[in-house]
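Participant: Below you'll find the structure I mean.
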Amino acid sequence: MIIAANLKTNLTRQETDKYLEDLEEYLNKTKSTQEVLVFPAMTSLNHHSGKVIVGVQNAYPTKNGAFTGEIGLDQLNEFGVKTILIGHSERRHVLGETQESLVNKFNFYKDLGFKIVYCVGEPLEKREAGKEAMMRYISTQYEGIDTTYENLIIAYEPVWAIGTGLTPTVEDIQTIHSDLKEKSLAPLLYGGSVKVSNAKEVLALENVDGILVGGAALNVKDFSDMVSFADDL
Ligand code: PGA
């Protein structure tokens, strides 16, 4: 299973170092066999060795250059980062990234062999428009994306479930994941208000290959517990 933490705009570099140290200690102690990914804030990137794969929440599709406020390949190489989150709903809907710009980013980092966690998911009004309209909308987020890329992981995250405490029913997750597996055989994570109290049942679902956790991953003990649920399956 793939258990991923998106730390978003939380934790300082010092706090992130401690977080990773505690997480590594836990993984070593339990001899966990899960693939554990952590996406810290950019200023918290640091040299890291251990079981945890540290990725970046965003980067511009460039080696370097004049892109104020962005980082590129040179900055990622400094810390040996080879994993990137692309298409997160906050990048799409808050920061205004278009499908076209996401495809450029995807192709740039794909050509470099990066592990890419590519996020898709519908806003509430698309969900309320019915299953067909919703799946049509999600399909547009696959446009231009090489769904056969060997280092691709997809995360299905309904926008209305992110950070809200709301989650689809397990039946819904199962149905949508089965449909999405027809679009790509890449590992498929579920994300959106996953927490200790619901992670176990989500992880047990067919076609769920892991979870992408935001708020509830900020507590390293809770995140470690979610890793242990996957170990117990
Ligand atoms: P959440 O965020 O777990 O806080 O809902 C998930 C995500 O945005 O990846």
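Participant: When only C-alpha pairs under 8 Å and at least 6 residues apart count, what is the relative contact order of the chain, in percent?
Facilitator: 20
Participant: I would also like to ask the following. Averaging over all projection directions, find the projected area of the Cα convex hull of the stretch 36-140 and quote it in nm² with one decimal place. Don't jump to the answer; show the numbers that get you there.
Facilitator: Working: hull surface 30.2 nm².
Dividing the Cα hull surface by four gives the mean projection, 7.5 nm².
Participant: Over the Cα atoms of the chain, compute the convex hull volume and normalise it per residue, giving Å³.
Facilitator: That works out to 115 Å³ per residue.
Participant: Let me ask another. Filter Lys18/Lys82; Lys63/Lys105; Lys51/Lys82; Lys105/Lys131; Lys126/Lys195 down to the pairs with a C-alpha to C-alpha distance above 19 Å, please. Working shown, then result.
Facilitator: Details: Lys18/Lys82 21 Å; Lys63/Lys105 12 Å; Lys51/Lys82 14 Å; Lys105/Lys131 29 Å; Lys126/Lys195 25 Å.
Table pairs above 19 Å Cα-Cα are Lys18/Lys82; Lys105/Lys131; Lys126/Lys195.
All of the numbers you see were taken from the coordinates with simple rules; none came from a lab. All values derive from a computational prediction rather than experimental measurement.
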